[in-house]
Structure formats: structure tokens, C-alpha cells
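Take a look at the structure below.
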Amino acid sequence: MMGPTVSACTLGVLHWQPMTDAREHYALRPVRSPQEWRAYHAIRRAAIFAALLPGQTYDDRHPDEHAPDNRPHVLLRDGEVVGTVRIDLIDATQAGLRLIGIRPDLQRQGLGAVLLELAEQAVRGFGRTDVIINAHPTSLAFYLANGYAEGDWPDKGPVPPTLIRVGKRL
């Protein structure tokens, strides 16, 4: 059986088409419209902050969202926003994948793996070779199963208290 087809275009959009189901078409791209920004924040608020960080308030105006080296992206399936990730360019070789989220009603259907694959392709496209993620303990097994390893991966700051730093060399 052949694996998924991943292709890139010059507009910064990455596409993923599973070989087993031609009906579904995925793209990871920078957030483009007010509607995509609303979906981006709604997914992060519901899938991450409400579900995993209930004591923390989500700030959709946080300056990190618009910092020059931080790239908010949405995962689209057949044109509908179903997931989010912010790709932070840490230095010349490293990128951080931040607040990876899948719409709660679509979780546990393989979309996280699609998002992760496309985000890694985007990281390569930005010329980076190492990916760093601060993983919630409930997500650790997912990242380990996708080739990430715990360790002393350098990042802009310390590991947040309730998270586990993982990384992967692409």
C-alpha cells in the first residue's frame, strides 16, 4: 500500500491526500481571513485551554500570535478549518510547533497525524531541521509514536511546568 501524497505550492499551502480515501483533501496554510482567525481561536480555546488547561485563560490577542517569526496556520479538510498550529521559527535550525489543536468533535480520527505531517513539511520549507513541542502529558504517547523523543531540546524559554518537551530531527 502506498503512503500519503504530500505536495507544496508556492503560496505556502501544503496539501495531503490519503491514498485510501480520495474524498478527503487536506491543506495546512497560514491563517488568511477573519473567519479563519475565529475558527483558529475557537479550536485552541476548546481543544486546548478548556480541555487541558482549565485554569488558564486563552488570550486571542496575545502578542505571540503576531510576532515576526511566529506563523499561525490552520488545517483544512475539504475547505473547512479542522485544526490549528502555530509554527515559531526559533533560530536558523529549529522551529517550535505551538498549541496544536484539532476541533473537539473531530478528535481521534487521524487528523492530528495529518496536521503533524504537514507542519513538519512546513518546517522543512522554512529551512529548519529540528522541531520542538511542549507536549501535554495526555498527548505524549502520540508524539512519541510519531518519532518525537523527550530530552533537553533547546527552546526560547523553559518548559512550562505542566508540559513535557519533546523534539525531532527531520
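Across the range 96-116, not a single residue is classified as buried (at least 19 other Cβ atoms within 10 Å of the Cβ) and over 14 Å from the mean Cα position of the chain (by Cα). The strands (runs of 3 or more DSSP E) found wholly in the range 28-116 include none carrying at least 3 residues that are in contact (Cβ under 8 Å) with a residue 60 or more places away in the chain.
Ala119: touching a helix residue (DSSP H, G or I) at 6+ places or on another chain (Cβ under 6 Å) and crowded, with 19+ Cβ neighbours inside 10 Å, yes or no?
no
Residues in the range 96-117 that are out of contact with any Ser or Thr (no Cβ under 9 Å at 6 or more places or on another chain) and closer than 21 Å to His66 by Cα: Gly96, Leu97, Arg98.
Within this structure, Pro154 passes the test of being in a loop (DSSP other than H, G, I, E, B), at pLDDT below 95, farther than 22 Å from Phe49 by Cα and not hydroxyl-bearing (Ser, Thr, Tyr). Scoring Arg165 on the criteria (1) more than 14 Å from the chain's Cα centre (by Cα); (2) closer than 26 Å to His25 by Cβ; (3) part of a strand (DSSP E or B); (4) not small (Gly, Ala, Ser) leaves a single failure, condition (2). Taking the criterion of being surrounded by fewer than 16 Cβ atoms within 10 Å (Cβ to Cβ) and part of a loop (DSSP other than H, G, I, E, B), the residues of the range 122-151 that qualify are Phe126, Gly127, Thr129, Asn146, Gly147, Gly151. If the condition is being surrounded by fewer than 13 Cβ atoms within 10 Å (Cβ to Cβ) and charged (D, E, K, R), then the range 44-63 contributes Asp59, Asp60, Arg61. Of the residues Asp78, Asp105, the single one that is more than 22 Å from Val159 (Cα to Cα) and at pLDDT below 95 is Asp78. A search for C-beta distances below 7 Å between a residue of the range 118-146 that is under 23 Å from Arg108 (Cβ atoms) and any residue that is part of a helix (DSSP H, G or I) and at pLDDT 95 or above, counting only pairs 6+ apart in sequence or on different chains, returns Val131/Glu120; Val131/Val123; Ile133/Tyr143; Ala135/Tyr143; Phe142/Gly112; Asn146/Ala113; Asn146/Leu116.
The values are calculated or read from the model by the stated rules, or taken from the named source; none is laboratory data. Please read all numbers here as calculations on a predicted model, not as lab measurements. FYI the Cβ positions are ideal-geometry reconstructions off the backbone, even for glycines, and counts take in every protein chain you see.
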